[in-house]
Amino acid sequence: MKIEGQAALVTGGASGLGEATARELARLGAKVAVLDVNTALAEKVAAEIGGIACACDITNTDSVNAALDKAAAAHGPARILMNVAGIGSAKRIVGKDGNPAPLEDFVRVVNVNLIGAYNISRLYAAQCAKLDPLDGGERGVMLFTASVAAFDGQVGQQAYSASKGGLVGMTLPMARDLAQHGIRVCTIAPGLFATPLLKELPEAIQQSLAASIPFPPRLGKPSEFAELACHIVANGHLNGEVIRLDGALRMAPR
């Protein structure tokens with residue numbers, strides 16, 4: 001699909017990998033809607049790229065529908081959905097106090113990262129399926145953001161790994177399901193990236209993490225994630241695939 005002129009939705013688009021993706025889409029000529037729970041940051045990014053900001057809680061159907069309606073009113077129906085929004089968690093199953101990890105923490109992470117991503121995807125897909133097909137019968141492209149933790153999660157990452165593993169497991173069946181509508185589905189599983197959250201760590205820890213990556217021995221750049229995300233949109237034969245973007249990193253147990 002040619003990105004120029006297409007309407008695109010980016011969840012988690014106010015910061016980190018989502019922001020980089022929104023900026024790259026805009027650079028390539030897309031009409032970008034920045035969806036995020038942080039409306040102030042979303043508005044800042046949207047203003048800088050000539051897009052529109054939409055307050056959106058992906059776990060809430062009314063919130064998602066309102067965001068989709070606002071974006072469509074400004075840019076027309078979206079053919080591109082970049083699912084980048086997500087949260088993290090690190091809790092041992094049995095804490096130092098001997099108590100079990102709170103179930104609420106596991107539920108919260110899975111609800112945002114997996115169920116929330118599915119929620120907006122089903123609503124987007126229902127709208128996209130009604131659009132006229134482009135050349136080759138394509139109507140839309142959907143991307144999920146998993147993590148290398150889906151494959152080699154570390155101690156304490158049960159909730160995060162399960163949520164990201166769910167996205168990995170959902171990719172192929174969703175691609176098969178939506179093939180009849182001409183909607184492609186792919187997933188990127190990033191490794192260690194220089195996001196604002198990671199940059200808050202002490203410099204020594206950042207360097208240690210970078211050194212654990214075989215090559216190149218540095219943290220990934222958000223722009224590299226964004227470039228791959230946009231390539232997936234442009235490459236019409238990429239479908240049902242999960243792509244690790246990690247410099248050959250395999251995470252240690254802890």
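Sorted on the mean count of surrounding Cβ atoms within 10 Å across their residues, most packed first, peptides 77-89, 117-129 read 77-89, 117-129. Dimensions of segment 90-180 from C-alpha coordinates, computed as largest minus smallest value along each principal axis and given longest first, are 59, 23, 15 Å.
With Cα atoms as the point set, the radius of gyration and Dmax of the chain evaluate to 17.8, 60 Å. Can you pull the Rg over Rh of segment 108-254, Cα-only, Kirkwood? A ratio of 1.01. Note on D177 and I115: the extension gain reaches 20.6 nm, defined as 0.36 nm multiplied by sequence separation minus the Cα-Cα distance.
A convex hull fitted around the alpha carbon atoms of segment 166-208 yields 89 Å³ per residue.
Modelled spin labels at D135 and N235, positioned 7 Å past Cα toward Cβ, are 1.9 nm from each other. In a DSSP loop and with at most 11 other Cβ atoms within 10 Å, the GluC sites (Glu not before Pro) in segment 164-252 are E200.
Quick note: the coordinates plus some simple rules give every number you see, no bench work behind them. Predicted model only: the values in this text are computed from it and were never measured. Reconstructed Cβ throughout: ideal geometry from the backbone, glycine too, with neighbour counts over all protein chains shown.
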